[in-house]
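The values are calculated or read from the model by the stated rules, or taken from the named source; none is laboratory data. All of these numbers come straight from a predicted model, not from anything done at the bench. Because the Cβ atoms are built from the backbone with ideal geometry, glycine has one as well, and the counts that use them run over all protein chains shown.
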Amino acid sequence: MRTALTALLLAACGVGASLAACSSSSGGGDDGGADAADGAAAESGHEASPGETSTGDAHADGGDATTGDGATTGDGGTGDGSTTDGAGGDGAASDGDAGDGAAAEAACDAATLVDGCAIGCAGEPVDLSCAHLYSDFATKAVYSDVVPYDPGLHLWSDGADKSRWIHLPAGQKIDTSDMDEWTFPVGTQVWKEFRLPLTDGGVPQRIETRLLWKQSATTWYRTTYRWSADGTTSATELTTGDLDGGGLGYEIPTQDECNACHNGRKDGVLGFEAVSLSSPGAGGLNMQALTTQALLTAPPAKPLVVPGDAVESAALGYMHANCGTACHNQGSGGAHFTGFFMRLDVATLGSVQSTDTYTTGWNQATQSFFIPDAGTSYRIDACNLPSSCVMYRASRRAGIGNVPPGVQMPPIDTHKVDDQGLAAMAAWIMQGCDAGAAEAGPTDAGGQ
């Protein structure tokens, strides 16, 4: 039964030119920056269902909504950082007629049953046991073509342990002609499982499993599955988020929040990318494995290495994964307009001083966010942690210690400070300061 369903989902829905055969289109309003997504959805032949977002030229430039200087965003006003709206808009419906959001939503109230599995509006399985992840749900054995990977450079998720897998369609390669912006084949599925202990010293158990599914050349469906209280019996699709996942104060994001981050890259995948997969901590289907298995159209000509000594590379890698890949980058990140970039693009890896993090952040004064009682505020202030905005904002969380909204970084989906990440950034900022080199920054030798 699962084999037939898997074939249906991957072939009929995941690779076909239209989703009309397996889902109804749905409309909805936007909350800022949605016009680009609406247009791309219309051009692709169907209106975006909740959780879908369009990629490629449809991306906005990131100047419509974001937050100010800090660990994950730079100068600017407060906002959600999104560049497109996963809820879709009032563009063309899948049959070419004008979309009617209310009618489409009503038409999709009842899921379609296929081989005893409920299928949602975008063709997605409503229950994780019916998805193309586990070949045996009882034992949690995954399909042989769903391959584990570890990106090496990790996004902070309030202390959650994570497992990651990717499914690439057979015979297909990732287009890496632009090493900074990979394009994945239609049918790609990326999975990430989050686990936390429910008690002090307890064994971490599953809280949620997220899915990124490329359904057409310009459309991804993003969603998450919330696990049952025991973390093993069942996992059901949740599109509206949960601020208290597992009863732990852990936040499961809404679909729109997924889009706010993932739209920061051209094809919407953040951690499965060149720099992270080339890092020493990367495992499973990392850069070496991808190259050996001929899964890239254009493998890197030489190893990609985060520059600097151990202190410098740790800080740069942390800021790349937690600030740059989603938001602070020269691509489609929500903080693009700020001019503060922390993504490690391949052409900038020659030295610490050539990275965007250094050239746009080191000893650069902030433009709109100012640290209280700090005198002059800097994005990164050499030898001065209290006046470094990346430290100030990454060490705050909204609602804790009278911290107002719009201050914390990352701005969404985290309620706990990453002490190890703070320590990595602090070590770089204070490196060599006892020698009185406050304005010198990283040593040239360390950066080469």
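Does at least one position in the stretch 180-191 carry a residue that is farther than 18 Å from Ala122 by Cα and in a strand (DSSP E or B)? There is at least one residue in the stretch 180-191 that is farther than 18 Å from Ala122 by Cα and in a strand (DSSP E or B). For beta carbons closer than 6 Å, sequence separation of 6+ or different chains, a first residue in the stretch 354-378 that is touching a residue at least 12 places away in the same chain (Cβ under 8 Å) and a second that is of a type in the set (Asp, Glu) and part of a loop (DSSP other than H, G, I, E, B), the qualifying pairs are Thr366/Asp69; Gln367/Asp75; Ser368/Asp75; Phe369/Asp69. Within the stretch 298-306, is even one residue part of a strand (DSSP E or B), touching a Leu at 6+ places or on another chain (Cβ under 6 Å), farther than 21 Å from Ser144 by Cα and touching a residue at least 12 places away in the same chain (Cβ under 8 Å)? No, the stretch 298-306 contains no residue that is part of a strand (DSSP E or B), touching a Leu at 6+ places or on another chain (Cβ under 6 Å), farther than 21 Å from Ser144 by Cα and touching a residue at least 12 places away in the same chain (Cβ under 8 Å). Within the stretch 386-431, being part of a helix (DSSP H, G or I), of a type in the set (A, V, I, L, M, F, W, C) and closer than 20 Å to Asp373 by Cβ holds for Cys389, Val390, Met391, Ala394, Leu422, Ala426, Ile429. Of the strands (runs of 3 or more DSSP E) that lie entirely inside the stretch 221-271, those containing 1 or more residues that are surrounded by fewer than 18 Cβ atoms within 10 Å (Cβ to Cβ) span 235-238, 242-245.
One residue stands out in the stretch 272-291 among those that are out of contact with any strand residue (DSSP E or B) (no Cβ under 7 Å at 6 or more places or on another chain) and buried (at least 21 other Cβ atoms within 10 Å of the Cβ): the one that is farthest from Ser157 (Cα to Cα), namely Met287. Selection of first residues in the stretch 339-351 that are under 18 Å from Ala310 (Cβ atoms) and of second residues that are of a type in the set (A, V, I, L, M) and in a loop (DSSP other than H, G, I, E, B), restricted to Cβ pairs under 8 Å at least 6 apart or on distinct chains, gives the following pairs, ordered by first then second residue: Leu344/Val306; Leu349/Leu304; Leu349/Val305; Leu349/Val306. Tell me whether the stretch 316-338 contains one or more residues that are among the β-branched types (Val, Ile, Thr), under 13 Å from the mean Cα position of the chain (by Cα), within 19 Å of Arg393 (Cα to Cα) and crowded, with 24+ Cβ neighbours inside 10 Å. Yes, because at least one residue in the stretch 316-338 is among the β-branched types (Val, Ile, Thr), under 13 Å from the mean Cα position of the chain (by Cα), within 19 Å of Arg393 (Cα to Cα) and crowded, with 24+ Cβ neighbours inside 10 Å.
Of the residues making up the stretch 161-182, those that are farther than 23 Å from Leu316 by Cβ and crowded, with 19+ Cβ neighbours inside 10 Å are Trp165, Ile166, His167, Leu168, Ile174. In the stretch 343-389, the qualifying residues are those that are surrounded by fewer than 19 Cβ atoms within 10 Å (Cβ to Cβ) and either among the β-branched types (Val, Ile, Thr) or not assigned by TED's automatic domain parsing to the domain that holds Gln330 (or both), and the one that is nearest to Val275 (Cα to Cα) is Val346.
Touching a Lys or Arg at 6+ places or on another chain (Cβ under 8 Å), among the small types (Gly, Ala, Ser) and outside the structural domain of Phe184 (by TED's automatic domain parsing), is that true of Ala314? Judged against the criteria, Ala314 is not a match.
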